[in-house]
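Okay, so here's the structure we're looking at.
The values are calculated or read from the model by the stated rules, or taken from the named source; none is laboratory data. Predicted model only: the values in this text are computed from it and were never measured. Positions of Cβ are generated from backbone atoms using ideal geometry, with glycine treated the same way; all protein chains shown enter the neighbour counts.
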């Protein structure tokens, strides 16, 4: 069995170099635009369904395909960050991502768009090379703050993508959004080339050995298991909401178009502003306490939206609480796991984020079904249930995983 721990002289050297604010900002920017590619399609579902001749409910599986692709990329490609020089690896992934975005923009039918969306997801894992890189280059006492800033960029991309694509799709069509996204990624490649430092590999293991080392790593780290499972259920609940928001807003009860759906991303950006705060708090306060409060906020958000989701103001308040809660869960959890095995950060992140996006993909799928069969009441009940499962697992963590409180 391949050993999990390996010598890490390059990593040690990297962490002694100060990480400048300009580099941190560049990393946040790259994460924002890389992850945005997964979410551009959500406000455009209604337009894509109309253009490609499928039902809105069926077109929702475009979102699921993209999320599934991202999960596959995390599981199969993210561990390579420990094996190869990071900046060059990121640039190669961006080049392939640009091709996938162009393919989506010219897809002549639903099935080819579904396939292109899958590969957009696979190749958007650029952010998951960048976040462990930021952790490696930051000092332990500032790691939470740095991760918070980079994650603020990533979360801004998740939410801002919906704003941008909602507006562009309504004005120029959904295909134009994918063309613009490809152009943005060309610029992002330039940022990576000139702003990112080189970071040497921290492992000499071959691909097969890297993959075989994941299971021992999972077994060795109870904190990783607890943080991962709680975060996966939390993200599933989060995606139940965002996958169904556009058809809910377009329903006869509300009657809003993709621009309004996209503008909800702006509301969510208010929550993204808390990411840096969460990172700083994670450096100073018991992280399990922060996670518990954050998961409770997810439950509260769905309860509020279940009662007042027929009103825009109810949805607005619910989105803010939901986004703050999810960011508290993810940032604090990643701060915890990146402290576990410095020489295996990409593999630790692979395990965490693969399960996280399995949860997210399942949430998208379950949310689509909940909307089809239960409407908004079904969505609210499903989201509440998933968030409650995360909360119960978190409370049971010390007993289930032997994690210290």
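Does any residue in the stretch 307-319 that is within 16 Å of residue 269 (Cα to Cα) come within less than 7 Å, Cβ to Cβ, of a residue that is at pLDDT 90 or above and surrounded by 15 or more Cβ atoms within 10 Å (Cβ to Cβ) six or more places away or on a different chain, and which pairs are these?
Hits for this filter: 315/305; 317/304; 318/301; 318/304; 318/305.
Out of all the residues in the stretch 388-398, is one or more more than 15 Å from residue 299 (Cβ to Cβ) and part of a helix (DSSP H, G or I)?
yes
Could you tell me which of the residues 370, 355, 362 is under 18 Å from residue 131 (Cβ atoms) and either more than 20 Å from the chain's Cα centre (by Cα) or part of a helix (DSSP H, G or I) (or both)?
355
Applying the selection to the stretch 361-379, what residues are touching a helix residue (DSSP H, G or I) at 6+ places or on another chain (Cβ under 6 Å) and more than 21 Å from residue 67 (Cα to Cα)?
Within the stretch 361-379, 376, 378 meet the criteria.
Pairs under 8 Å by beta carbon, first residue modelled with pLDDT of 75 or more in the stretch 252-266, partner assigned to a loop (DSSP other than H, G, I, E, B), six or more apart or different chains?
Every condition considered, the pairs that remain are 253/310; 254/310.
Just wondering, is there one or more residues in the stretch 218-239 that are at negative phi, under 23 Å from the mean Cα position of the chain (by Cα) and without any contact (Cβ under 8 Å) to a residue 24 or more places away in the chain?
No: the stretch 218-239 contains no residue that is at negative phi, under 23 Å from the mean Cα position of the chain (by Cα) and without any contact (Cβ under 8 Å) to a residue 24 or more places away in the chain.
Just to check your reading of the model, which residue among 69, 88 is out of contact with any helix residue (DSSP H, G or I) (no Cβ under 9 Å at 6 or more places or on another chain), at pLDDT 90 or above and in a helix (DSSP H, G or I)?
Selected residue: 88, the only one of 69, 88 that is out of contact with any helix residue (DSSP H, G or I) (no Cβ under 9 Å at 6 or more places or on another chain), at pLDDT 90 or above and in a helix (DSSP H, G or I).
Among the candidates 199, 210, single out the residue that is buried (at least 20 other Cβ atoms within 10 Å of the Cβ), at pLDDT below 90, touching a helix residue (DSSP H, G or I) at 6+ places or on another chain (Cβ under 8 Å) and outside any helix (DSSP H, G or I).
Exactly one residue qualifies, and that residue is 199.
Could you check, for the stretch 187-194, whether at least one of its residues is at pLDDT 90 or above and buried (at least 21 other Cβ atoms within 10 Å of the Cβ)?
The answer is yes, given that some residue of the stretch 187-194 is at pLDDT 90 or above and buried (at least 21 other Cβ atoms within 10 Å of the Cβ).
Out of (1) closer than 21 Å to residue 128 by Cβ; (2) buried (at least 20 other Cβ atoms within 10 Å of the Cβ), the odd one out for residue 174 is which?
If we test residue 174 against (1) closer than 21 Å to residue 128 by Cβ; (2) buried (at least 20 other Cβ atoms within 10 Å of the Cβ), just (1) comes out false.
If you go through the stretch 281-302, how many residues are under 17 Å from residue 329 (Cβ atoms) and surrounded by fewer than 17 Cβ atoms within 10 Å (Cβ to Cβ)?
The number of residues fulfilling the criteria is 5.
Every residue, every condition in (1) modelled with pLDDT under 85; (2) buried (at least 23 other Cβ atoms within 10 Å of the Cβ); (3) over 29 Å from residue 172 (Cα atoms), yes or no:
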residue	(1), (2), (3)
12	yes, no, yes
24	no, no, yes
31	no, yes, no
34	no, yes, no
49	no, no, no
